[in-house]
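This report refers to the structure that appears directly beneath it.
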Amino acid sequence: MAFELPDLPYAYEALEPYMSAETLHYHHDKHHKAYVDNLNKLIKGTEFEGLGLEEVVKKSFGKNAGVFNNAAQDFNHIQFWPWMKKDGGGKKVPGAILALIDRDLGGFDKFRNDFIEAGKTQFGSGWAWLAVTKDGKLEVSKTPNGENPLVHGAWPLLGVDVWEHSYYLDYKNERPKYLEAWFDHLINWEHVEELYAQAPGG
Ligand code: MN3
């Protein structure tokens, strides 16, 4: 069965003024769609055909760059849309997640700073992450291009896309402004909580 582009879980205008409908039309309808279409073409007749997306991401890493880049970006964007919502962000972190942030990351303010810093300092295209390691600890990281915590044995809880296509129409070259607005106004913490509940071994 071919992979499919999911619909956005909200209207294109829902995230304004922090992320415009124009950005979402390009980012979802063109960029994400291209990853899905390329992935379906590239896996046809290969060992990856018929596997679940997570398996394709893990098995193609370091082995088949074309399949990996498109599979990982499909996985990342499937999560990226519900990682945002209207009137999200800020300190509305569910208690269970906040307790883990306090335990492992030095508290909310330090976590916010470290997450934004990871996004700012990812040179070129990539992502900044909050993930849970296989030992059950939270960690902040950054990765280039489509790479994600899955291929490092961790499970992503939150990720922000720092490819220019995610912010250039709205923020031009000001990636730090995008990251601050994203963190303070868009994060859907309920989705973070759902992913924590799904963490392997969690
Ligand atoms: Mn993107």
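Descriptive notes on the structure:
- Distant alpha-carbon pairs in segment 95-198 (separation over 22 angstrom), percent: 26
- Site pair GLU54 and LYS134 shows an inter-label distance of 1.4 nm when each label is modelled 7 Å from Cα along Cα→Cβ.
- Residues listed by number, segment 170-196, amide nitrogen under 20 Å from PHE108 label point at 7 Å toward C-beta: 179-196
- Per the Debye formula on identical point scatterers at the alpha carbon atoms of segment 1-90, with no solvent, log10 I(q)/I(0) at q = 0.22 Å⁻¹ is -0.99.
- When all alpha carbon pairs of segment 55-154 are counted in 5 Å bins from zero, the resulting P(r) reads 2, 12, 19, 22, 22, 13, 7, 2, 0 %.
- Placing +1 on the Cβ of every Lys and Arg and -1 on the Cβ of every Asp and Glu, with nothing else charged, gives segment 95-198 a dipole about its Cα centre of roughly 240 debye.
- Close amide H pairs (under 5 Å, H built 1.01 Å from N) link GLY126 with ASN145, VAL162, TRP163, residues at least 5 positions away or on another chain.
- Scaled against 2.2 N^0.38 Å for its residue count N, the alpha carbon radius of gyration of the chain is 0.98.
- Spatial offset of segment 24-72 relative to segment 111-190 amounts to 20 Å, using the alpha carbon center of each.
Where a number appears in this text, it was derived from the coordinates with a stated rule and is not lab data. All of these numbers come straight from a predicted model, not from anything done at the bench. Cβ: placed from backbone, ideal geometry, glycine included. Neighbour counts: every protein chain shown.
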